[in-house]
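Heads up: the structure comes next, in structure tokens.
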Amino acid sequence: MTKKTLRLTFPQWQGGINPPYYEGSHILDWLAPKSDSMECVKVPVKTNFDDEVPVTDGVAWKEELLEQQKAAYAICEEKDPDRIIVLGGDCSVEQAPFDYLHGKYPEDTAVIWMDAHPDFTRPKDAPNEHSMVLGNLIGDGAPDFAAMVKHPFRKEDIIYAGIIADHLESWEEEYQKEYQMKFLTPDQLLDDSEALLAWLREGGYRHVMIHWDLDVLSPEDFRCLLCAEPHIPPVEYAVGEMTLDQILRIIQDVSKEFDVVALGITEFIPWDIMRFRKGLNELDIFRK
């Protein structure tokens, strides 16, 4: 029986309080392959980029984010896919698809969180909801968003891959001590995927969901990253250290042994394309 794949473009930017995520999602939608077996759907997202940022209960753009999450849940339930590819947008785009698929595959399912950051905060720590999404999925994070999760994950079924574990924020260190999340550093995945594959085998997993925040990549190798914005000082937050080839190898190695039911790609910011388009739009010859 052929499995049904949903290709979900979700240009949500409010979770990162960063409008370029919206543009990045649409360019990623153009770049990413399509096939006849896929159903392609876009989640409607508000584009009031220039409005003052509202913060409610410690969460920026809370009402807009809740509305968009509900829309994503409704699409998943209506389309009833067996697999979902998510093209974000900020990291919070993965809550609804991962939760939905966990209801379909409640047993023997692991989550690989490929990210430079743990995405496990609470509203008291920072207002950016995209940094709370993994907390939401295990029943913590932002309360109103966590309450939407119908099929929460166990922390034992989640592993970080490529996280910069020695550059956590103070509250992230506290949550790591509290939850003892399993993680693999870039060095542990440098030459092969065996440490990750061994963890999956030992856990008896059959299905895998993969979160791929592009910021797991090094800006020395890949430039379409938040931290690689041209002409800005070096950032102070954790910066990824992995290469594109390493991440592609990991995903392919996992796919050879396990049923990858979800792949989310998030936080793609093609700075040069956006700057070039803006510049061309300002040239008189294009406006006559």
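When the range 14-27 is examined, which residues are found to be in a helix (DSSP H, G or I) and either open to solvent by 40 Å² or more (accessible area, probe 1.4 Å) or under 16 Å from residue 130 (Cβ atoms) (or both)?
14, 15, 16, 20, 21, 22, 23, 24, 25, 26 - these are the residues of the range 14-27 that are in a helix (DSSP H, G or I) and either open to solvent by 40 Å² or more (accessible area, probe 1.4 Å) or under 16 Å from residue 130 (Cβ atoms) (or both).
Among residues belonging to the range 54-69 that are assigned to a loop (DSSP other than H, G, I, E, B) and in contact (Cβ under 8 Å) with a residue 40 or more places away in the chain, point out the one that is least open to solvent (accessible area, probe 1.4 Å).
61
Only residues in the range 1-25 that are on the phi > 0 side of the Ramachandran plot count as the first member; pair them with residues that are open to solvent by 10 Å² or more (accessible area, probe 1.4 Å), Cβ under 7 angstrom, at least 6 apart or cross-chain, and list the lot.
The qualifying pairs are 17/53; 17/128.
What do you reckon, is residue 35 part of a loop (DSSP other than H, G, I, E, B) and either closer than 30 Å to residue 275 by Cα or polar (S, T, N, Q) (or both)?
Considered against the rule, which asks whether it is part of a loop (DSSP other than H, G, I, E, B) and either closer than 30 Å to residue 275 by Cα or polar (S, T, N, Q) (or both), residue 35 comes out as yes.
Mind checking whether some residue in the range 160-167 is open to solvent by 40 Å² or more (accessible area, probe 1.4 Å) and modelled with pLDDT under 95?
Yes, the range 160-167 has at least one match.
May I ask you to list the residues in the range 206-249 that are surrounded by fewer than 19 Cβ atoms within 10 Å (Cβ to Cβ) and more than 24 Å from residue 168 (Cα to Cα)?
Within the range 206-249, 206, 230, 231, 245, 248, 249 meet the criteria.
So which strands (runs of 3 or more DSSP E) are wholly in the range 96-211 and hold at least 1 residues that are within 20 Å of residue 83 (Cβ to Cβ)?
By residue number, 109-114, 158-161.
Could you tell me whether the range 263-285 includes any residue that is small (Gly, Ala, Ser), more than 25 Å from residue 185 (Cβ to Cβ) and either open to solvent by 10 Å² or more (accessible area, probe 1.4 Å) or assigned to a loop (DSSP other than H, G, I, E, B) (or both)?
Yes, because at least one residue in the range 263-285 is small (Gly, Ala, Ser), more than 25 Å from residue 185 (Cβ to Cβ) and either open to solvent by 10 Å² or more (accessible area, probe 1.4 Å) or assigned to a loop (DSSP other than H, G, I, E, B) (or both).
Counting only residues that are open to solvent by 50 Å² or more (accessible area, probe 1.4 Å) and touching a strand residue (DSSP E or B) at 6+ places or on another chain (Cβ under 6 Å), how many does the range 38-53 have?
Residues flagged as open to solvent by 50 Å² or more (accessible area, probe 1.4 Å) and touching a strand residue (DSSP E or B) at 6+ places or on another chain (Cβ under 6 Å) within the range 38-53 amount to 4.
Could you please give the count of residues in the range 70-90 that are open to solvent by less than 10 Å² (accessible area, probe 1.4 Å) and farther than 19 Å from residue 263 by Cβ?
0
Out of all the residues in the range 9-22, is one or more of a type in the set (Val, Ile, Thr), within 20 Å of residue 214 (Cα to Cα) and in contact with a Gly (Cβ under 9 Å, 6 or more places away or on another chain)?
Yes, that holds for at least one residue.
Mind checking which pairs have a first residue in the range 223-249 that is free of Cβ contacts under 8 Å to residues at least 40 places away in the same chain and a second that is of a type in the set (Val, Ile, Thr), Cβ under 7 Å, 6 or more apart or different chains?
As it stands, the answer is 227/235; 227/239, since those pairs meet every condition given.
Among (1) within 15 Å of the chain's Cα centre (by Cα); (2) on the phi < 0 side of the Ramachandran plot, which single condition is residue 126 missing?
(1)
So if I check each of 213, 192, 221, 187, which one is in contact with a strand residue (DSSP E or B) (Cβ under 6 Å, 6 or more places away or on another chain) and either of a type in the set (Asp, Glu) or at pLDDT below 95 (or both)?
Result of the check over 213, 192, 221, 187: 213.
Name the single residue that is nearest to residue 136 (Cα to Cα) among those in the range 77-96 being out of contact with any helix residue (DSSP H, G or I) (no Cβ under 6 Å at 6 or more places or on another chain) and of a type outside the set (D, E, K, R).
Checking each candidate, the answer is 93.
Please state which one of 41, 55 is modelled with pLDDT of 95 or more, β-branched (Val, Ile, Thr) and closer than 15 Å to residue 5 by Cβ.
The match here is 41.
The values are calculated or read from the model by the stated rules, or taken from the named source; none is laboratory data. Treat the numbers as computed from the prediction; the structure is a model and nothing was measured. Cβ atoms come from the backbone with ideal geometry, glycine included; neighbour counts cover every protein chain shown. Quick note on the areas: whole protein, heavy atoms, side chains included, nothing else; ligands and nucleic acids left out. Shrake-Rupley method; radii C 1.70, N 1.55, O 1.52, S 1.80 Å.
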